[in-house]
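In what follows, a single structure is set out as structure tokens and then discussed.
The values are calculated or read from the model by the stated rules, or taken from the named source; none is laboratory data. Quick caveat, the model's predicted, so the values are computed rather than measured. Here the Cβ positions follow ideal geometry from the backbone for every residue, glycine too, while neighbour counts run over all protein chains shown.
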Amino acid sequence: MEYKGVALRHEKKYYISTAAQGQISHRLKHTIKRDENVGEDGVYTVTSLYLEDMYDSSYFEKTAGILTRYKYRIRMYKNDPRKLTLEKKLKYGEYIGKVSCLLSMDEYRAIFSGNKLEILLDSKYGLLHELFVEIRTKRLAPKVVVEYDREVFVAEQGNVRITFDKRLRAGISNLDITKEDVNKISAISEDRIIMEVKYDAYLPSYVRDLLTVPGRDNMSISKYTICADLEKLYGGCFNNGQHTIVPRHI
């Protein structure tokens with residue numbers, strides 16, 4: 001299935017306990033393989049900087065349950081600023097899709113600061129041209145940092161990807177994810193794991209059986225809105241391209 005030329009996939013999300021996650025991981029590792037990008041401890045760190053317009057449209061469209069929506073994020077893996085990607089995540093009813101491209105440090109700096117944006121038009125990637133228009137017309141700007149440690153299993157049949165996102169954290173200071181001084185706080189209980197199951201046309205029955213745990217219910221979980229709520233709780237300001245969080249009396 002496609003939407004505007006983007007391949008769509010099923011995505012299911014669940015809250016599970018660390019104990020349940022340990023049980024499921026034990027089953028999976030004897031049946032399907034881990035993602036090749038995980039480290040020796042079986043996980044890797046994912047850091048995302050989400051962009052928002054002046055009306056926080058992505059946030060409110062998600063919380064309102066708008067069926068067709070999209071948002072932009074800049075993603076870094078394993079805390080390595082040399083490997084940045086720009087992603088546009090699409091939501092179409094029960095399906096999701098993603099378009100992504102590599103991002104140079106100069107392009108990242110332009111997006112982060114809102115200055116010298118014309119460099120995006122020099123890119124060979126149409127996604128950067130599209131983002132240039134979005135920034136100019138909707139005043140998109142960096143808004144929220146989301147970080148977590150991810151364990152991943154993959155199965156070729158059905159193009160299945162099962163992820164366990166642990167220790168969800170929100171950035172509440174300088175939002176520049178390429179810097180080491182981005183302060184982060186825990187966004188959910190450490191005993192709470194977000195399990196996501198993505199697949200194409202079907203989920204093989206043997207994989208479905210491996211994922212069975214008591215009390216597991218498909219939920220609408222957004223790591224972005226969870227962390228955005230924390231950013232709003234602590235308060236924020238934007239001045240000359242430098243994003244900082246200032247305490248708000250509550």
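Screening G5 against (1) small (G, A, S); (2) on the phi > 0 side of the Ramachandran plot; (3) under 19 Å from the mean Cα position of the chain (by Cα) leaves a single unmet condition, (3).
For (1) modelled with pLDDT of 95 or more; (2) among the hydroxyl-bearing types (S, T, Y); (3) under 18 Å from V43 (Cα atoms); (4) out of contact with any helix residue (DSSP H, G or I) (no Cβ under 8 Å at 6 or more places or on another chain), each residue gets a yes or a no:
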| position | (1), (2), (3), (4) |
| --- | --- |
| F153 | yes, no, yes, no |
| V160 | yes, no, yes, no |
| A170 | no, no, no, no |
| V182 | no, no, no, yes |
| D209 | no, no, no, yes |
| D217 | no, no, no, yes |
| Y234 | no, yes, no, yes |
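On the stretch given as segment 16-49, residues that are in a helix (DSSP H, G or I), aliphatic (A, V, I, L, M) and surrounded by 14 or more Cβ atoms within 10 Å (Cβ to Cβ) total 3. Taking segment 135-154 as the range and being in contact with a Lys or Arg (Cβ under 8 Å, 6 or more places away or on another chain) and either more than 17 Å from K179 (Cβ to Cβ) or of a type in the set (K, R) (or both) as the test, the residues that pass are Y148, D149, R150, E151, V152, F153, V154. Of Y59, Y3, all but one fail to be within 21 Å of N174 (Cβ to Cβ) and touching a residue at least 60 places away in the same chain (Cβ under 8 Å); the exception is Y59. Within segment 15-41, the only residue that satisfies the criterion of being under 18 Å from G158 (Cβ atoms) and of a type in the set (S, T, Y) is T31. Residues of segment 50-74 that are acidic (D, E) and in a helix (DSSP H, G or I): E61 alone. Candidates T68, T45: the one that is over 28 Å from E190 (Cβ atoms) and β-branched (V, I, T) is T68. All told, S104 meets the bar of being of a type in the set (S, T, N, Q) and more than 15 Å from the chain's Cα centre (by Cα). Scanning segment 50-63 for residues that are hydrophobic (A, V, I, L, M, F, W, C) and surrounded by fewer than 18 Cβ atoms within 10 Å (Cβ to Cβ) yields M54, F60. For segment 187-220, filtering for residues that are of a type in the set (S, T, Y) and under 16 Å from the mean Cα position of the chain (by Cα) leaves 1. E196 passes every criterion in (1) touching a residue at least 12 places away in the same chain (Cβ under 8 Å); (2) more than 17 Å from I24 (Cα to Cα) apart from (2).
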